[in-house]
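Here's the structure, in structure tokens; my notes come after.
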Amino acid sequence: MVTVHTNIAYGDVQVSSVYLNGVPIQFEKIDNRGYFVAKFSMEDVKSLDGLKIDNYNELQLVGATRGGEAFAGSQEILVIDIQPAGNP
């Protein structure tokens, strides 16, 4: 899973409207400060067109509040390929 932490109040988010670079949200939760946390399929994120492994990629979270107000945020993220221990 790819996890995105926000500073948006959990109760304010219309969950079905949340996407990360076009990938739909799979799961959401509330953190210990009351903020919205979104989780996305790792396989879907890894298959994004133009994603560069071992390089920085701009990922953008978009969605809407329950009141219909749009929100968006983006960040340059270093995407790396880590092989689990025991895999050559």
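Some points to look at:
- If you go through segment 16-28 and keep only what is without any contact (Cβ under 8 Å) to a residue 40 or more places away in the chain and at negative phi, you end up with SER16, VAL23, PRO24, ILE25, GLN26, PHE27, GLU28.
- Of all the listed residues (LYS52, LYS39), the sole one being part of a strand (DSSP E or B) and charged (D, E, K, R) is LYS39.
- If the condition is being open to solvent by less than 70 Å² (accessible area, probe 1.4 Å), within 16 Å of THR6 (Cα to Cα) and among the small types (Gly, Ala, Ser), then segment 62-71 contributes GLY63, ALA64.
- Members of segment 1-35 that are assigned to a strand (DSSP E or B), open to solvent by 60 Å² or more (accessible area, probe 1.4 Å) and over 16 Å from GLY73 (Cα atoms): SER16, PHE27, LYS29, ILE30
- From the list GLU76, GLU43, the one residue that fits, being open to solvent by 70 Å² or more (accessible area, probe 1.4 Å), without any contact (Cβ under 8 Å) to a residue 12 or more places away in the chain and within 14 Å of the chain's Cα centre (by Cα), is GLU43.
- Any hit, segment 50-61, residues being without any contact (Cβ under 8 Å) to a residue 40 or more places away in the chain, open to solvent by 80 Å² or more (accessible area, probe 1.4 Å), under 14 Å from HIS5 (Cα atoms) and among the basic types (Lys, Arg): no
- Selection from segment 67-88 of residues that are within 27 Å of TYR10 (Cβ to Cβ) and part of a loop (DSSP other than H, G, I, E, B): GLY67, GLY68, GLU69
The values are calculated or read from the model by the stated rules, or taken from the named source; none is laboratory data. From a predicted model like this one, the values you see are computed outputs, not experimental measurements. Note that we place each Cβ from the backbone using ideal geometry, even for glycine, and neighbour counts take in every protein chain shown. These area figures cover heavy atoms from the full protein model, side chains too; ligands, DNA and RNA do not enter into them. Shrake-Rupley method; radii C 1.70, N 1.55, O 1.52, S 1.80 Å.
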